[in-house]
Amino acid sequence: DDMGYLRPQFDADQGANAVKDAGGIIEMHHGSHTEKVVYINLLANKTLEPNENDQRFIVDGWAADKFGLDVPKFLIAAAATVEMLGGPKNAKIVVPSITPPQIVSALRGRGWKASIVKASTMSSELKRVDPQGILKCVDGRGSDNTQFGGPKMPGGIYAIAHNRGVTTLEGLKDITREVASKGHVPSVHGDHSSDMLGCG
C-alpha cells in the first residue's frame, strides 16, 4: 500500500483459480520464513534455486525487464515485500561484471546492507533457467513443487500484475498466458495460512 499500488479486485482463491484456469499452476509453500539474505540476480536467463534448509530470498531482476516492467520500481517493490514479510535487509546483487550503484544506493536508502557479488564467484550455484521451471515467488521456504528452475518474482506472476496495476481476474489470466508464451510456467502460491495471495 505504501507504494501507491492498486488493490486487486479479487480474493486469493479467485486469483489462484484464474491462474489455474489460464494454464498456470498453484504451489503450496510450507514452513516459516527464515531467510538470511536477499539475492538480486541481474544475470539474464540464470537463476538460483531455493533451499528450505538454508533459506534465502531470490529475486531475478532480469525477469522484470523481460516482462516490460520498470526494473528499479520492481526491485523496490520486491524490497518492500521482503520488509513486509519481516525478512533481512541484506542484499547481495549478482552482476555479470558491471556494478549497478543505483540499486545499492536505493536499497541503502531503505536501511538495507547491500553488496555487489560477481557472477563468477557464484558460478556453481547459478543455473540456466529451465523452461519447465515455474516462475515462482522469491521466498526460500519449502514447496510441494520442486520445479525451481524458473525465474523468481515476488508472489510469482502476481509481481507482474502488481507492477502493471492489473487488478482484474481477466487481466491476471492474460498475464498467465503471456508468461507461458514467453517460455515459463506461470505460478502463484499459498501457504499454511491458507492465503493464496502468498507473498504477492
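Some values worked out for this structure:
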| read-out | value |
| --- | --- |
| Global geometry of segment 69-195, whether rounded, prolate or oblate, following the gyration tensor of its Cα atoms and the 1.5 cut on a/c | prolate |
| Distant-in-sequence amide H partners of residue 91 (H built 1.01 Å from N, under 5 Å) | 38, 113, 114, 115 |
| Solvent exposure of the chain as accessible area per residue, Å², 1.4 Å probe | 45 |
| Highest-MSF residue in the chain out of 154, 96, 88 [GNM, Cα springs under 10 Å] | 96 |
| Whole-Å distance, taken between Cα centres, linking segment 72-124 and segment 1-55 | 17 |
| Most mobile listed residue (41, 53, 90) in the chain, GNM with C-alpha springs under 10 Å | 53 |
| Three-way shape call for segment 103-173 based on the alpha-carbon gyration tensor, with the a/c threshold at 1.5 | oblate |
| Choice from 153, 28, 84 showing the highest fluctuation, given a GNM over the chain with Cα pairs closer than 10 Å | 84 |
| Accessible area of residue 30 in the full protein assembly, 1.4 Å probe (Å², nearest 10) | 80 |
| For segment 40-97: rounded, prolate or oblate by the Cα gyration tensor [a/c cutoff 1.5] | oblate |
| Antiparallel content of DSSP bridges confined to segment 32-158, in %, to 5 | 10 |
| Simple label model, 7 Å out from Cα along Cβ direction - residue 54 to residue 36, nm | 0.8 |
| Nearest-10 value in Å² for the accessible area of residue 108, using the 1.4 Å probe | 140 |
| In nm, spacing of pseudo-spin labels at residue 132 and residue 7 (7 Å Cα→C-beta vector) | 4.1 |
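The values are calculated or read from the model by the stated rules, or taken from the named source; none is laboratory data. This is a predicted model, so every value here is computed, not measured. Counting neighbours? That spans all protein chains shown, and the Cβs are built from the backbone with ideal geometry, glycine included. Please note that ligands, DNA and RNA were not included when accessible areas were found on the heavy atoms of the full protein model with its side chains. Shrake-Rupley method; radii C 1.70, N 1.55, O 1.52, S 1.80 Å.
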